[in-house]
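Read the structure below first, then the notes.
The values are calculated or read from the model by the stated rules, or taken from the named source; none is laboratory data. Being a predicted model, the structure only gives us computed values, none of them experimental. All Cβ positions, glycine included, derive from the backbone under ideal geometry; neighbour counts span all protein chains shown. Just the protein is used for accessible areas: all its heavy atoms, side chains included, with ligands, DNA and RNA removed. Shrake-Rupley method; radii C 1.70, N 1.55, O 1.52, S 1.80 Å.
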Amino acid sequence: MTAMTLIAIAGLFVGEPSFECDWSVISAADVAWLITATIFVLMMTPGLSFFYGGMVGAKNVISTMLQSFIAMGLISVLWVVVGFSLCFGDDMGGGIIGNPLTFLMFSGVGADTYTTPMGNVLGGATIPLALFALFQMKFAIITPSLITGSFAERVRFSAYMFFMIFFFFVIYCPLAHMTWHPEGLFCRWGVIDFAGGIVVHASSGVAALAGAIYLGRRKADTRKSEPANVPFVLLGAALLWLGWFGFNAGSSLHADGQAVKAFLNTNTAAATAMMTWIFFDCLRGRKPSAMGAAVGCVVGLVAITPSAGYVTVGQSIFIAFVITLICNIAVYWRSRTSIDDALDVFPTHGTGGIFGTVLTGIFIQEGLIAGTWEGFVIFLYHLLAIVIVFVYTFGMSWLGYMLIDHLIPMRVSQYSEKVGLDFSQHDEHYGLAHIGEREIAEYEEHIREKYNV
């Protein structure tokens, strides 16, 4: 509360930049499309809430959904205060991070475009800087939300909030600057990440893997747990699919042919992956399921994200097909280990983002497929970027979990986990009948003994 008070007071002293557009430079079509795309991308976070919320047990639906939903508030504030500067502010040297003072409290972020000291225009010359900043904000919001599926049903809400802040500043902002700022390290290497294969999916998937390992397995026998609401999962997948059109096609930043190509490739990859997942499950002796269809389409969306605006529609089918098989096998492999990645965030988002980036290095027009030495070097840079992202994200995420765990225990107590996080963390119920009077009585007795009340 103290931090929010200070931010609110500081806001009184920030001047407002001009929002008058120079229509000789600004494109009305680009503005209209990017506003629409920004709305679509924000829709993905509540979509993810339903997607994850339907998968967990009935005692943890609300808590799981809130972990995604709360990011729209927390990350939005952090983005305006300093996050946009760290991601897209003037490079501080080395292409690692932006100057936090460039757009502090959104100073200078209005309808004008912005040219960096090295002569690069942020977000292109046809859209206002404020609109570019809002579009990028939605990517920053959904990334930490993706992580929550790995430690669902056992993480303390307050500790998760601190980890979200840690992840945003220490991991997301540097990766976004290196990849998407025109003077960032990966960008200078020629690494292509059209809409977030590295920045969003690989980073969140690897952080999820670190979290699942660090927090350990859930106490309950998860083999007996059933998804609370499969229709929620389908609804969430549908919202994600719809929102992903803004996620990928909007990343062209223009109402142009590349946006249309990304739109086409996005839908084609999602459809291909859904059918591939279903057919592969049947081939392995399983029945076609709604959960499989939902997970499959999301895997296809992840797979095509880093290359959506560059590859052909035929290549998008190939990319989705291959990566769906890899992710399906990865989910099966994870289930045979002791790693309790509750909603398979790393096998789907992490694996999809990593291999999607590898195939991007192969299929981009100037890439390895062209058979040139320059293309081969660019491909190697894609591999190097993946290694750096994996090592850095895993190491720093582990450090974040460890530091926060010393301040606020990351895991809830056994009693809290037994009664469910909806009740123990938020005093709310998705379905009281799923908890049981005996479990509630045991939990309340535990609280009375712990706090001597």
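Just a few scattered comments:
- Meets criteria (open to solvent by less than 40 Å² (accessible area, probe 1.4 Å), more than 17 Å from the chain's Cα centre (by Cα) and either under 30 Å from residue 217 (Cα atoms) or not acidic (Asp, Glu) (or both)) for residue 330: yes
- Scanning segment 384-408 for residues being modelled with pLDDT under 95 and either more than 22 Å from residue 154 (Cα to Cα) or open to solvent by less than 70 Å² (accessible area, probe 1.4 Å) (or both) gives a total of 1.
- For segment 101-120, residues that are β-branched (Val, Ile, Thr) and without any contact (Cβ under 8 Å) to a residue 60 or more places away in the chain total 2.
- Restricting attention to segment 16-75, the residues that are closer than 22 Å to residue 145 by Cβ, open to solvent by 40 Å² or more (accessible area, probe 1.4 Å) and not in a helix (DSSP H, G or I) add up to 1.
Results for (1) touching a Pro at 6+ places or on another chain (Cβ under 8 Å); (2) open to solvent by less than 50 Å² (accessible area, probe 1.4 Å); (3) not polar (S, T, N, Q), shown as yes or no for each residue.
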position	(1), (2), (3)
283	no, no, yes
291	yes, no, yes
299	no, yes, yes
307	no, yes, no
319	no, yes, yes
322	no, yes, yes
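- Residue match in segment 111-122 (condition: open to solvent by less than 10 Å² (accessible area, probe 1.4 Å) and over 28 Å from residue 245 (Cα atoms)): yes
- Test result for residue 355, free of Cβ contacts under 8 Å to residues at least 12 places away in the same chain, open to solvent by 10 Å² or more (accessible area, probe 1.4 Å), out of contact with any Ser or Thr (no Cβ under 9 Å at 6 or more places or on another chain) and part of a helix (DSSP H, G or I): no
- Checking each residue in segment 80-96 for being touching a residue at least 12 places away in the same chain (Cβ under 8 Å) and not small (Gly, Ala, Ser) picks out 80, 81, 82, 84, 86, 87, 88, 90, 91, 96.
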